[in-house]
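Data block below; observations after.
The values are calculated or read from the model by the stated rules, or taken from the named source; none is laboratory data. Since this is a predicted model, take the numbers as computed values, not measurements. Here the Cβ is made from the backbone with ideal geometry for all residues, glycine too, and neighbour counts use every protein chain on show. Side chains included, ligands, DNA and RNA excluded: accessible areas come from the protein's heavy atoms. Shrake-Rupley method; radii C 1.70, N 1.55, O 1.52, S 1.80 Å.
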Amino acid sequence: MAGRITAVSSNGTYSFSKPNRESVTLLAGLGVEGDVHAGETIRHQFRMTYEPDLPNLRQVHLMHEELFDELALKGYAVAAGQRGENITTRGVDLLGLPTGTLLHLGEQAVVEVTGLRNPCAKINDFRQGLLGEVFALDPVSGDFTFKSGVMAVVRHGGPVRPDDPVGIELPAPPHRPLERV
């Protein structure tokens, strides 16, 4: 099964969840048009207070819909946009991609994966106990894996809609694993 987009979401104000939209427009170097996290410099509400001039490596938040299936098996009902993501995918191993992967979204848009989404404690305000479910301990390395999707920057803008295909273009080796951004 080829990867595809299952939902797109945006919000012009800071809130935990983002409403689903019929489409969003990605703007090169900025993010999702009209979204509170769009911009050249950091837009994360907490980090803006102490690192306001750093580049915004979190312009677009992508999350794999398969996580919702996993969480449902544990009794957590979660739907697209409710965890603050902009683009929800199915059939793409987002967490397994190396840093620098280009994702072709729809006909025109391209985003570059910059790292893992670092989940925050506000997740437990949304669903009590959910924070503990979006981490996984790697039995080989002993490191934690963050399962809350990936962050990206927009390299080429364009409209993105549910049912659009997701193409994957890996960077030249050696591949760097994703880290939290």
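Brief remarks on what is shown
- Here the Debye sum runs over all C-alpha atoms of region 82-181 as equal scatterers in vacuum, and log10 of I(q)/I(0) at q = 0.18, 0.19 Å⁻¹ comes out as -0.92, -1.00.
- Helix-only mean residue ellipticity at 222 nm for the chain, each DSSP H run of n ≥ 4 adding -39500 (n - 2.57), per residue, nearest 500: -1500 deg cm²/dmol
- Among M151, M63, M48, the largest mean-square fluctuation in a Gaussian network model of the chain, built with springs joining Cα atoms closer than 10 Å, belongs to M48.
- Table column - 3J(HN,Hα) (Hz), region 112-124, Karplus curve with 6.51, -1.76, 1.60, x for Gly and Pro: 10, 6, 9, x, 7, 6, 8, x, 10, 5, 4, 4, 5
- Average Cα contact separation per residue, the chain, under 8 Å, 6 or more apart, as relative contact order %: 32
- When you filter the GluC sites (Glu not before Pro) in region 2-72 for DSSP loop state and at most 15 other Cβ atoms inside 10 Å of their Cβ, you are left with E22, E33, E40.
- Per residue, the accessible area of the chain comes to 50 Å² when a 1.4 Å probe rolls over the protein heavy atoms.
- Heavy-atom accessible surface of the chain: percent carbon and sulfur, 1.4 Å: 53
- With a Förster radius of 30 Å applied to the C-beta separation of V140 and R176, the computed FRET efficiency comes to 0.95.
- Mean Cβ neighbour count within 10 Å, used as a protection proxy, ranking 93-103, 136-146, 121-131 highest first: 93-103, 121-131, 136-146
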